[in-house]
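The values are calculated or read from the model by the stated rules, or taken from the named source; none is laboratory data. Source: prediction; values computed, not measured. Note that each Cβ is placed from the backbone with ideal geometry, even for glycine, and that neighbours are counted across all protein chains shown. Ligands, DNA and RNA are excluded from the accessible area calculation, which covers all protein heavy atoms including side chains. Shrake-Rupley method; radii C 1.70, N 1.55, O 1.52, S 1.80 Å.
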Amino acid sequence: MDSTTTSHACVNCGYKTRSNAITVPVSPVPHLLNTNHSPSQTEVGLIRTSISQVHVDLAEIDYELASMQTATAEMQRKRQLLLSFSEGHKSLLSPIRRIAPETLSDIFMRCLVDFWVDRFASCNYTRICLSHVCRFWRDVALSTSKMWA
């Protein structure tokens, strides 16, 4: 039986699947394919043996695919955890985290000038919005007594 073998390896780690040894068999009865002729008893046996081996190979491929899907799902989960870690820590480097409370208080007071109040919302809404960004902003807003006068 002549066959064709295709090798597959992971581009990241080089892992070769066990299904590399699986080959696509050459038909034992190529002269019957695409015809309406009936196979002889001997040919029926050859066909059944070939189909049986193909089903063994299909089961091996199905197993490999399931293993790869499990590995892929695990890698995606780890990737998401790493992304979350990165994003969480990247936010720690934000320049707004280093702003002095006095400067932030001054910015808050500038948000309350008539220009903003007239165009967007009431002063109370602006105060509340500023105090709900994060704990630090809330502490600064609450400690800025002029904001609430």
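Karplus-based coupling profile of the stretch 27-38, in residue order and whole Hz: 4, x, 9, x, 5, 8, 5, 6, 10, 9, 6, 8, with θ = phi - 60° in 6.51 cos²θ - 1.76 cosθ + 1.60 and x standing for Gly or Pro.
Annotation: I47 carries an accessible surface of approximately 50 Å², with a 1.4 Å probe and no ligand, DNA or RNA atoms counted.
Stretching R77 away from S27 to a fully extended chain increases their span by 13.7 nm, per 0.36 nm per residue minus the current alpha-carbon distance. If you sort F136, F108, F85 by accessible surface, 1.4 Å probe, largest first, the order is F85, F136, F108. With a simple spin-label model that places each label point 7 Å from the Cα along the Cα-to-Cβ direction, the separation between E87 and Y125 comes to 2.9 nm. The phi torsions of the stretch 71-82, fed into the Karplus equation with coefficients 6.51, -1.76 and 1.60 and a -60° offset, translate into couplings of 5, 5, 4, 5, 5, 5, 5, 5, 4, 5, 5, 5 Hz, rounded to whole numbers, with Gly and Pro shown as x. In this simple spin-label approximation, S143 and L46 carry label points 7 Å from Cα along the Cα→Cβ vector, and these lie 9.0 nm apart. When Rg and the Kirkwood Rh are both derived from Cα coordinates, the Rg/Rh ratio for the stretch 41-149 amounts to 1.61.
Under the classification rounded if a/c is under 1.5, otherwise prolate if a/b is larger than b/c and oblate if not, where does the stretch 18-93 fall, given a ≥ b ≥ c as square roots of the Cα gyration tensor eigenvalues? Don't jump to the answer; show the numbers that get you there.
Numbers: a/c = 6.37, a/b = 4.57, b/c = 1.39.
Taking the square roots of the gyration eigenvalues as a ≥ b ≥ c, the stretch 18-93 is prolate.
Fully extending the segment from S67 to F136 would add 20.1 nm, taking 0.36 nm per residue of separation and subtracting the current Cα-Cα distance.
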